[in-house]
Amino acid sequence: MSENLARQFLLDETVVFLNHGSYGACPRPVFEAWQSWQRLLESQPVAFLDPKRGYVERMRNSREALAGELGTSADNVVGVVNATAGLNIVAQSLKLAPGDEILTTDHEYAALEKTWAYVCRRTGAVVKSVTVPLPLTREVDFTAAVLDGMSERTRVLFLSHITSPTALVFPIESIIAEAKRRGIWTVIDGAHTPGHIPLDLEALDVDFYAGNCHKWMMAPKGSAFLYVRPDLQTMIDPLVISHGWTADNKKPGAVGPFGNTPFIDSLEMQGTRDPSAWMTVVEAIRFRHANDWNEVARRCRDLAQATAAEMAAVTGLRPLSAPQFCAPQMVAMPIPPCDPEWVHDTLISDYNIEIPVFRWKDHHIARLSVQGYNNQKQTEALVHALKVLLKL
Ligand SMILES: Cc1ncc(COP(=O)(O)O)c(C=O)c1O
């Protein structure tokens, strides 16, 4: 992490920006590539959006580049505007009946809790949420908690891969395998995963997985993907019916109107929209490789974890997990009981520090994100400010 890297971003230099986790941030070359696509689109919209003049190939290029990073092939991932949209497509496609159970945890993202509540209202299914014990120190404790919630009625297992309020990496591999043995659909919220932790979708053997490219991959906002296992793709119905849909798209071997599989065509071709963020995923991946981002990320992880350790020493509060379950570049640091809104607002008004501070269950948390544009001076400023505000 260096001044040079910080200069690659458009972030306001007067702000100590420690909240990459909420919406990401896009490096200049990636942002410029995004603008180039938009200019090209605006210079000749009819040509740009014409499936016969390169549109289908450009959309596919992003699927190919992304699939290469995610351990799958281009026919199994499709661009969506954000992880919430991808997970909504799945949640609203699953055929659920009254009394069916959707098993999940108490660490899930609020918008997706609402999604499942909506699905339950329409289908009569019910959400069953298990408590994941904290601090999370052993995989068996996680697995046992989830297993304990499984019943004959469980149809869906819905888990975050990296959790939002607690920034934990859930060890999902073996529970996915167990769900599969029991015939339970697995739906994973990977909003924070791409570009943050290694991801091999086919090895994971998951049924449905949505992730954001606009967070840790640093692609423009509005770029995300939905992955669906090949044998389940005919189950998926788009939320928007448009030119890409055909009445016989569930027939075996059916081809969509634009030459892709019906799964891809029905989700990719949805009326007039600006596809430039999605097309820029190729450049975001190129930027990461060109700038050796794995090494940058390693340094970010070291700084994030060292800062969390320092805060723990100052507050005397235990971390929420053992290091192996902590998201590398995002740490939910427990802080003493306080008015989190006041702490958050005062960090901004008096210190120009942007970081989420909130109450989650019985915990008060400051969630630190460290990305390549951050440096130690900034995390020291955060620790200093928290010491003052929390009277530590
Ligand atoms: C775990 C989790 N799921 C889903 C989302 C939603 O992401 P988006 O708004 O890009 O759909 C977030 C956002 O931070 C998240 O943390």
>> I'd like the full set of residues that are free of Cβ contacts under 8 Å to residues at least 60 places away in the same chain and of a type in the set (S, T, Y), limited to the stretch 13-41.
In response: S36
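Go through the stretch 339-357 and report how many residues are surrounded by fewer than 17 Cβ atoms within 10 Å (Cβ to Cβ) and over 29 Å from R298 (Cβ atoms). Give the steps one after another, and end with the answer.
Narrowing the stretch 339-357 to residues surrounded by fewer than 17 Cβ atoms within 10 Å (Cβ to Cβ): 339, 341-342, 345-346, 348-350, 352.
Narrowing further to those that are over 29 Å from R298 (Cβ atoms): 339, 341-342, 345-346, 348-350.
Matching residues across the stretch 339-357 total 8.
For every residue, the table says whether it meets (1) among the β-branched types (V, I, T); (2) at negative phi; (3) in the same structural domain as A297 (by TED's automatic domain parsing).
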{"residue": "A167", "(1), (2), (3)": "no, no, no"}
{"residue": "E173", "(1), (2), (3)": "no, yes, no"}
{"residue": "R181", "(1), (2), (3)": "no, yes, no"}
{"residue": "T186", "(1), (2), (3)": "yes, yes, no"}
{"residue": "P194", "(1), (2), (3)": "no, yes, no"}
{"residue": "A210", "(1), (2), (3)": "no, yes, no"}
>> Could you tell me how many of the residues in the stretch 304-319 are more than 20 Å from the chain's Cα centre (by Cα) and buried (at least 21 other Cβ atoms within 10 Å of the Cβ)?
In response: 4
>> Let me confirm something: among T131, T123, which residue is away from the ligand (no atom under 14 Å from the Cβ) and closer than 23 Å to P238 by Cα?
In response: T123
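Looking at the stretch 101-131, which of the residues that are assigned to a loop (DSSP other than H, G, I, E, B) and in contact with a strand residue (DSSP E or B) (Cβ under 9 Å, 6 or more places away or on another chain) is surrounded by the most Cβ atoms within 10 Å (Cβ to Cβ)? It would help to see each step written out before you state the result.
We begin by selecting, within the stretch 101-131, every residue assigned to a loop (DSSP other than H, G, I, E, B); these are 106-109, 124-125, 131.
The next check asks that each one be in contact with a strand residue (DSSP E or B) (Cβ under 9 Å, 6 or more places away or on another chain); those that pass are 106-109, 125, 131.
Details: D106: 16, H107: 25, E108: 20, Y109: 18, A125: 21, T131: 12.
Among them, the one singled out is H107.
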>> Out of the residues in the stretch 163-190 meeting the condition of being in contact (Cβ under 8 Å) with a residue 60 or more places away in the chain and within 24 Å of L96 (Cα to Cα), tell me which one is nearest to the ligand (Cβ to nearest atom).
In response: D189
> So which pairs qualify, if the first residue must be in the stretch 105-129 and not assigned by TED's automatic domain parsing to the domain that holds L94, the second must be at pLDDT 95 or above and away from the ligand (no atom under 11 Å from the Cβ), the Cβ gap must be under 9 Å, and the two must be at least 6 apart or on different chains?
Replying inline: none
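Within the stretch 5-100, which helices (runs of 4 or more DSSP H) (wholly inside it) include 2 or more residues that are within 16 Å of the ligand (Cβ to nearest atom), at pLDDT 95 or above and out of contact with any Asp or Glu (no Cβ under 9 Å at 6 or more places or on another chain)?
Values: elements: 20-23, 28-43, 45-48, 55-70, 83-93.
Helices (runs of 4 or more DSSP H) meeting the threshold: 20-23, 83-93.
So, N249, is that one assigned to a loop (DSSP other than H, G, I, E, B) and either in contact with a Pro (Cβ under 8 Å, 6 or more places away or on another chain) or of a type in the set (A, V, I, L, M, F, W, C) (or both) or not?
Details: assigned to a loop (DSSP other than H, G, I, E, B): yes; either in contact with a Pro (Cβ under 8 Å, 6 or more places away or on another chain) or of a type in the set (A, V, I, L, M, F, W, C) (or both): yes.
The answer is yes for N249.
Name the residue that is farthest from G149 (Cα to Cα), counting only residues in the stretch 170-227 that are among the aromatic types (F, W, Y) and touching a His at 6+ places or on another chain (Cβ under 7 Å).
To start, the set of residues in the stretch 170-227 that are among the aromatic types (F, W, Y) comprises 170, 185, 208-209, 216, 225, 227.
Then drop every residue that is not touching a His at 6+ places or on another chain (Cβ under 7 Å), which leaves 170, 216.
Details: F170: 16, W216: 31 Å.
Within the stretch 170-227, the match that is farthest from G149 (Cα to Cα) is W216.
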>> Within the stretch 217-257, take every residue that is of a type in the set (G, A, S) and over 17 Å from A85 (Cβ atoms) and give me the one that is farthest from the ligand (Cβ to nearest atom).
In response: G253
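The values are calculated or read from the model by the stated rules, or taken from the named source; none is laboratory data. Remember, it's a predicted structure, so these values are computed and weren't measured experimentally. Cβ sites come from the backbone with ideal geometry, for glycine too, and all protein chains shown count toward neighbours.
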